[in-house]
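Contents: one structure, followed by commentary.
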Amino acid sequence: MTNPQLTWLRKNLFSTWYNSLLTVICLVLLFWVVRGVLTWATTQAQWAVIQVNLRLFLVGRFPQALYWRTWIVLAIASTLGAITGGVFFSKQQLTWRRIAFFTFIVGVLLVILPLDFTSRLWLLLIAVLLFAGFWLGGEFTKVLTPWLSLLWLLSFPVILWLIGGGFGLQSVSTNLWNGLLLTLLMAAVSIVLSFPIGVLLALGRTSDLPVVRWFSILYIEIVRGVPLIGILFLAQVMLPLLLSADVRLDRVLRAIAGLVFFSAAYMAENVRGGLQSVPRGQIEAAKALGLNTALVVLLIVLPQALRAVIPALVGQFIGLFKDTSLLSLVGLVELTGIARSILAQPQFLGRYAEVYLFIGFIYWIFCYSMSLASRRLERQLS
């Protein structure tokens, strides 16, 4: 241990006798908790509930004969994500240490996951696509950057076509969209749709037109005053009553509508905070140069406003991703809902700790990944 580390320990943990006592007590408690968790995980926990039901956790009751579609969807999303990461990460950051760590993780997954030979080949192919996508993003950053948003937008209809079928593919009912597949789909679609609506509401709240301003204010304040579960129930029960008898919205579409309406209101307030941070002088200078109001908003105001509220926006995205767990209360079997179904299996009654630790770990992986991407984007944009 180097001298700076010893100095840090003395200053922060052992500066006085009572700080030293508290440090020792905390270390003992930490050791006791960690030992108890490890003992339970290695001797008492029945992890077979995860191994046996892994497919249910991931894709639910999606037809097994059509799993190739979900693998293609995963390959598309992974490749685009890797290209995006390569664009935002410099080539110097792709060190051999990180490559070795990633290779180790892929190797562990190939060994421990209870997958058949075909699924292992798909996982290996996706790992290769991740490497290729990251390399392409790093090598052709200037070429790919203007097209990233378009590529992501074009991927959504392709992904929905692969999952739902139609247009030459066998249709798959939304009742069979379960587990992590439904959670990710609902979160991604809701985030993509709620973001532009939230931006429009934020601009409407700062508009000089009274009708637009008051409509935006009423919408934001009313929706923010109602809990999400209430919005979801209204979307499931009341939305069909507002439409004609000939129009029947799918349960998944109604749930997406509820999530989008709810999240857009909070998104609008986050964006409004960014709009208020833009100095008034920049707007006046842009108008003095001859830019009309639309160009001032698109080229001057919004880029600075969105940059200022990146942490708040990503926090809203993370919250929306976790809020998809409430969909199980309105009859949709997403990740939390499929966990409840698995816990009803006779051989796994009472295995709450193993199941909820597993789905909690899945939520943490995706939320922490979004947090890391947010911090990287903040550093990239200074």
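Among residues belonging to the stretch 77-135 that are at pLDDT below 70 and among the polar types (S, T, N, Q), point out the one that is most open to solvent (accessible area, probe 1.4 Å). Filtering the stretch 77-135 for residues that are at pLDDT below 70 and among the polar types (S, T, N, Q), the one most open to solvent (accessible area, probe 1.4 Å) comes out as Q92. If you go through the stretch 311-322 one residue at a time, do you hit one that is in contact with a Cys (Cβ under 9 Å, 6 or more places away or on another chain), open to solvent by 70 Å² or more (accessible area, probe 1.4 Å) and assigned to a helix (DSSP H, G or I)? Within the stretch 311-322, one or more residues are in contact with a Cys (Cβ under 9 Å, 6 or more places away or on another chain), open to solvent by 70 Å² or more (accessible area, probe 1.4 Å) and assigned to a helix (DSSP H, G or I). Restrict the check to the stretch 331-354 and report whether at least one residue is open to solvent by less than 50 Å² (accessible area, probe 1.4 Å), among the aliphatic types (A, V, I, L, M) and either farther than 30 Å from A45 by Cα or not in a helix (DSSP H, G or I) (or both). Checking the stretch 331-354: at least one residue is open to solvent by less than 50 Å² (accessible area, probe 1.4 Å), among the aliphatic types (A, V, I, L, M) and either farther than 30 Å from A45 by Cα or not in a helix (DSSP H, G or I) (or both).
Here is a yes/no grid of residues against (1) of a type in the set (S, T, Y); (2) surrounded by fewer than 15 Cβ atoms within 10 Å (Cβ to Cβ); (3) part of a helix (DSSP H, G or I):
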position	(1), (2), (3)
V211	no, yes, yes
S216	yes, no, yes
L232	no, no, yes
L239	no, no, yes
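Summed over the stretch 38-52, the residues that are open to solvent by 80 Å² or more (accessible area, probe 1.4 Å) and out of contact with any Lys or Arg (no Cβ under 8 Å at 6 or more places or on another chain) give a count of 7. The conditions of being modelled with pLDDT under 85 and either in contact with a His (Cβ under 7 Å, 6 or more places away or on another chain) or of a type in the set (S, T, Y) (or both) are not met by S325.
Just to be sure before I move on: is R280 basic (K, R) and touching a residue at least 24 places away in the same chain (Cβ under 8 Å) in the structure I sent? Outline the logic, then answer.
On the way: basic (K, R): yes; touching a residue at least 24 places away in the same chain (Cβ under 8 Å): no.
It is false that R280 is basic (K, R) and touching a residue at least 24 places away in the same chain (Cβ under 8 Å).
All of (1) assigned to a helix (DSSP H, G or I); (2) more than 37 Å from the chain's Cα centre (by Cα) hold for T42 with one exception: (2).
Would you check which residues across the stretch 363-382 are in a helix (DSSP H, G or I), more than 10 Å from I310 (Cα to Cα) and of a type outside the set (K, R) and list them? Even if it seems obvious, please write down each step before you answer.
Here is the first cut: in the stretch 363-382, the residues in a helix (DSSP H, G or I) are 363-380.
Adding the requirement that they be more than 10 Å from I310 (Cα to Cα) leaves 363-373, 376, 379-380.
Result: Y363, W364, I365, F366, C367, Y368, S369, M370, S371, L372, A373, Q380.
The requirement of being out of contact with any helix residue (DSSP H, G or I) (no Cβ under 9 Å at 6 or more places or on another chain), in a helix (DSSP H, G or I) and either modelled with pLDDT under 85 or buried (at least 16 other Cβ atoms within 10 Å of the Cβ) (or both) is not satisfied by M267.
Within the stretch 149-173, can you find the residues that are open to solvent by less than 80 Å² (accessible area, probe 1.4 Å), of a type outside the set (A, V, I, L, M) and farther than 16 Å from A188 by Cα?
G165, G166, S173 - these are the residues of the stretch 149-173 that are open to solvent by less than 80 Å² (accessible area, probe 1.4 Å), of a type outside the set (A, V, I, L, M) and farther than 16 Å from A188 by Cα.
Within the stretch 310-327, residues that are aromatic (F, W, Y) reach partners that are open to solvent by less than 30 Å² (accessible area, probe 1.4 Å) with beta carbons closer than 6 Å, at six or more positions or on different chains, in the pairs F321/A187.
Show me the helices (runs of 4 or more DSSP H) entirely contained within the stretch 107-189 in which 3 or more residues are under 20 Å from F62 (Cβ atoms) and over 23 Å from the mean Cα position of the chain (by Cα). I'd like the intermediate steps shown before the answer.
Values: elements: 117-139, 141-144, 148-164.
Here the list reads 117-139.
Applying a threshold of 7 Å to beta carbon distances and a minimum spacing of six or more residues, or different chains, the list of pairs starting in the stretch 358-382 at a residue that is farther than 15 Å from G315 by Cβ and among the aliphatic types (A, V, I, L, M) and ending at one that is assigned to a helix (DSSP H, G or I) and open to solvent by 80 Å² or more (accessible area, probe 1.4 Å) reads L381/R307.
Quick grid of which residues meet (1) touching a Cys at 6+ places or on another chain (Cβ under 7 Å); (2) without any contact (Cβ under 8 Å) to a residue 24 or more places away in the chain; (3) hydroxyl-bearing (S, T, Y):
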| site | (1), (2), (3) |
| --- | --- |
| Q5 | no, yes, no |
| W8 | no, yes, no |
| W17 | no, yes, no |
| S20 | no, yes, yes |
| I25 | no, yes, no |
| T39 | no, yes, yes |
| W47 | no, no, no |
| T79 | no, no, yes |
| V87 | no, no, no |
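Being at pLDDT 85 or above, assigned to a helix (DSSP H, G or I) and in contact with a Phe, Trp or Tyr (Cβ under 6 Å, 6 or more places away or on another chain) holds for only one residue in V34, V24, V49, V28, and it is V49.
Regarding F195, is this residue of a type outside the set (A, V, I, L, M) and open to solvent by less than 70 Å² (accessible area, probe 1.4 Å)? Explain how you work it out, then say what you get.
Working: of a type outside the set (A, V, I, L, M): yes; open to solvent by less than 70 Å² (accessible area, probe 1.4 Å): yes.
Yes: the conditions hold for F195.
So in the stretch 53-71, with the set limited to residues that are exposed (fewer than 15 other Cβ atoms within 10 Å of the Cβ) and assigned to a helix (DSSP H, G or I), which one is nearest to the chain's Cα centre (by Cα)? Reasoning before the result, please.
Pass one, the stretch 53-71, residues exposed (fewer than 15 other Cβ atoms within 10 Å of the Cβ): 63-65, 68.
Now restrict to residues that are assigned to a helix (DSSP H, G or I): 64-65, 68.
Values: Q64: 26, A65: 28, W68: 23 Å.
Of everything passing the filter in the stretch 53-71, W68 is nearest to the chain's Cα centre (by Cα).
The values are calculated or read from the model by the stated rules, or taken from the named source; none is laboratory data. Being a predicted model, the structure only gives us computed values, none of them experimental. Here Cβ is always computed from backbone atoms with ideal geometry, including for glycine, and neighbour counts include all displayed protein chains. Remember, those area values only see protein heavy atoms, side chains included, never the ligands or the DNA or RNA. Shrake-Rupley method; radii C 1.70, N 1.55, O 1.52, S 1.80 Å.
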